[in-house]
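Asker: I have a structure here, written as structure tokens, and I will follow up with some questions on it.
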């Protein structure tokens with residue numbers, strides 16, 4: 001399935017932005033699940049590209065004297081196969097993704113939950129059951145968490161969004177000895193012909209990285225375009241940056257999509 005995407009994020013400011021630097025991870029890379037037919041970014045200011053330790057392409061954008069807005073546009077075509085992938089030669093060893101982080105570290109609440117799975121064996125079926133249990137405990141509810149919320153905080157509130165679900169799943173996996181990584185990207189909703197930014201997890205099971213999308217209860221990347229991956233959100237978020245000035249910031253996001261068989 002070929003998906004044609006145009007995604008625009010606009011940052012609006014009440015005052016002049018004296019200086020800003022943005023780290024943009026909006027460039028998908030070729031994998032078993034996706035072939036990038038065409039892709040381009042439209043970015044303001046000065047841009048240079050780097051590749052981080054996880055293999056993510058990062059466009060570093062610096063701007064000065066922006067009066068009222070910064071606009072970031074990603075557009076292109078990606079052919080999705082729906083296949084998970086085995087580790088590539090030279091890839092980061094899976095055990096690296098057992099490393100805890102402040103956003104994913106298990107606290108007493110998650111440890112108690114994981115204890116219910118004490119006879120856990122690393123199989124796809126058991127990971128799927130874990131994913132189902134997480135959504136039962138933490139339903140998808142907007143407005144209760146933010147980008148700095150930890151897995152433990154979201155679980156304690158019994159509410160969260162895709163970022164929280166992913167952090168919780170990763171936290172549980174690592175507590176059970178299963179390597180798991182955070183993935184950011186786009187997801188295509190065929191029923192609404194809509195693409196939105198999204199987050200999900202990949203866990204290392206049966207010698208390969210398998211998809212676990214807790215929010216949508218999906219175990220195949222049939223509608224997913226991967227942009228970046230890492231230990232947690234901070235390694236893989238689509239746009240992250242700092243600025244001097246700008247006053248009050250607001251963000252608008254718009255996405256259009258076409259599907260080609």
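Computed from the coordinates by the stated procedures, all read-outs in this text should not be read as laboratory data. Being a predicted model, the structure only gives us computed values, none of them experimental. All Cβ positions, glycine included, derive from the backbone under ideal geometry; neighbour counts span all protein chains shown.
Asker: State the extension gain, in nm to one decimal, for the chain segment bounded by residue 40 and residue 125, taking 0.36 nm per residue of separation less the distance between their alpha-carbons.
Answerer: Taking residue 40 through residue 125 to full extension adds about 26.8 nm, to one decimal.
Asker: Efficiency by 1/(1 + (r/R0)^6): what FRET value for residue 50 and residue 208, r their Cβ-Cβ distance, R0 = 30 Å, to the nearest 0.05?
Answerer: Result of the calculation: an efficiency of 0.60.
Asker: How big is the range 16-154 in terms of Cα radius of gyration and Dmax, in angstroms?
Answerer: Taking only Cα atoms of the range 16-154, I get Rg and Dmax of 19.9, 58 Å.
Asker: May I ask for log10 I(q)/I(0) of the range 148-226 at q = 0.11, 0.20, 0.21, 0.23 Å⁻¹, from a Debye sum over the Cα atoms as equal point scatterers with solvent left out?
Answerer: Debye curve over Cα of the range 148-226, log10 I(q)/I(0) at q = 0.11, 0.20, 0.21, 0.23 Å⁻¹: -0.28, -0.87, -0.94, -1.07.
Asker: How tilted is helix 162-175 with respect to the longest principal axis of the chain? Cα atoms for both, answer in degrees (0 to 90, nearest 10).
Answerer: 40 degrees
Asker: Pulled fully out, how much extra length does the chain show between residue 244 and residue 67, if you take 0.36 nm times their separation in residues and subtract their Cα-Cα distance?
Answerer: 62.5 nm
Asker: Can you compute the FRET efficiency between residue 253 and residue 156 using 1/(1 + (r/R0)^6), with r the Cβ-Cβ distance and R0 = 22 Å? Round to the nearest 0.05.
Answerer: Rounded to the nearest 0.05, the efficiency is 0.15.
Asker: Roughly speaking, what is the stretch gain from residue 111 to residue 81, that is 0.36 nm per residue apart minus the C-alpha to C-alpha distance, in nm to one decimal?
Answerer: The residue 111-residue 81 span can extend by a further 7.2 nm.
Asker: Per the Kirkwood definition applied to all pairs of different Cα atoms, how many angstroms is the hydrodynamic radius of the range 94-236?
Answerer: Result for the range 94-236 stands at 14.8 Å.
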